[in-house]
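So the structure is just underneath, and the comments pick up after that.
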Ligand code: PNS
């Protein structure tokens, strides 16, 4: 897998240490990782595309083979444009599996070359999710150690 490009797509609203964990693991397997932030306004994200991209860049600055981009439209088309061979997704628990399985098979139905590679984060990161992080922060809890420092700042600025 060493000479190949992989795409790690997601909403990253906001990125957590679990996302960074997956990026670090993927960077060991593929020559280049493109972290692809969805520009899908249907999801009504809490953070702007520019904010999500900026914190992802800051959180991966130590990884020279990782770049951060945004994409709109179908993921399989973006994959093709980037000449990437794999889609990376993180699997935290069995509960993730159904949605991920459906998406992986649908992507392969749309483009038979679209393979999905699932990576598991460290156990310490399995209970992290962007939505829980946002709720904790909104209600005044600490997110230290759960998200990169730049995301912590972003969350603090968002507090009422
Ligand atoms: O972090 P998320 O929200 O679970 O990521 C979901 C994402 C962005 C990977 C998925 O919604 C996606 O691929 N969107 C692009 C549009 C697309 O290709 N949809 C068909 C997926 S089978």
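Evaluating residue 83 against the criteria (1) more than 12 Å from the ligand (Cβ to nearest atom); (2) buried (at least 16 other Cβ atoms within 10 Å of the Cβ); (3) in contact (Cβ under 8 Å) with a residue 60 or more places away in the chain leaves one unmet condition, (2).
Screening region 98-132 for residues that are away from the ligand (no atom under 13 Å from the Cβ) and over 20 Å from residue 33 (Cβ atoms) and picking the one that is surrounded by the most Cβ atoms within 10 Å (Cβ to Cβ) gives 126.
Okay, residues lined up against (1) within 13 Å of the ligand (Cβ to nearest atom); (2) within 26 Å of residue 159 (Cβ to Cβ); (3) surrounded by 14 or more Cβ atoms within 10 Å (Cβ to Cβ):
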{"residue": "12", "(1), (2), (3)": "yes, yes, yes"}
{"residue": "29", "(1), (2), (3)": "no, no, yes"}
{"residue": "43", "(1), (2), (3)": "yes, yes, no"}
{"residue": "89", "(1), (2), (3)": "yes, no, yes"}
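Of the listed requirements (1) within 9 Å of the ligand (Cβ to nearest atom); (2) in contact with a helix residue (DSSP H, G or I) (Cβ under 6 Å, 6 or more places away or on another chain), residue 36 misses just one: (2).
We did not get these values from a lab; they are worked out from the coordinates using the rules stated. A quick note: this is a predicted structure, and the numbers were derived from the prediction, not measured. With ideal geometry, Cβ positions are generated from the backbone for all residues, glycine too; neighbour counts draw on all protein chains shown.
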